[in-house]
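Structure, as structure tokens:
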Amino acid sequence: KTKRQALSGVSMTVISSDFKKFILRFVKDMGLDSELVAFLPLKGDGSVRCFWRVTLAHGGPDFIAMANSPAIKGARQENLAYLMIGNHLYGKGVPVPVIYRHDLERGWFIMEDMGETSLQDLILDGQDPRSIYGRVLDQLFRLQIEGVSGFDPVWCCQTPRYDRTVMRRYEADYFRE
């Protein structure tokens, strides 16, 4: 069994009725029509977090909804880190999704949909990789320089210091597992 299967007897693409109500309340609060809303599960990235693209049939922006149950070990701290670091980076002008609404008690987030195109898609589409990766490096540089200003390490979920051990254990070795 995968970690995902072990955590739930139901498909992780199933969206709970309470989470749906949370999302639909947000849509209504935005002054948008919540009658015909589609919830498209997005492919996972290896974590237990679940993502959906929320599409409105009568137009308007799409949103991304994320669920990361705080009942799962470490998720409560991870959710707080997601919120605090995401808001911090957005405030610094780093291109990360705006978090529109959250419920930390339930591990629910609604955020900006930044589109479906990946870096790989751009390269496979024939765009010049040097130009694309140059822009990516500019943003990484911006993140490193501006992101540190006002950053509070207490927001981090794994450790207050990002060092070689953390990089290996939680980043590089993560893919091997």
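The values are calculated or read from the model by the stated rules, or taken from the named source; none is laboratory data. In this text the structure is predicted, and so the values were computed from the model without any measurement. Ideal geometry is used to build each Cβ from the backbone, glycine not excepted, and the neighbour counts take in all protein chains shown. When the accessible area is computed, the model is the full protein with side chains, heavy atoms only, and any ligands, DNA or RNA have been set aside. Shrake-Rupley method; radii C 1.70, N 1.55, O 1.52, S 1.80 Å.
A few points about this structure:
- Being open to solvent by less than 20 Å² (accessible area, probe 1.4 Å) and on the phi > 0 side of the Ramachandran plot is a description that does not apply to G59.
- Close pairs from the range 136-161: first modelled with pLDDT under 85, partner among the acidic types (D, E), Cβ under 6 Å, at least 6 apart: C157/E78
- Unique match (being open to solvent by 70 Å² or more (accessible area, probe 1.4 Å) and modelled with pLDDT under 90) among L36, L40, L32: L36
- Selection within the range 103-131 - touching a helix residue (DSSP H, G or I) at 6+ places or on another chain (Cβ under 6 Å) and in contact (Cβ under 8 Å) with a residue 12 or more places away in the chain: L104, G107, W108, I110
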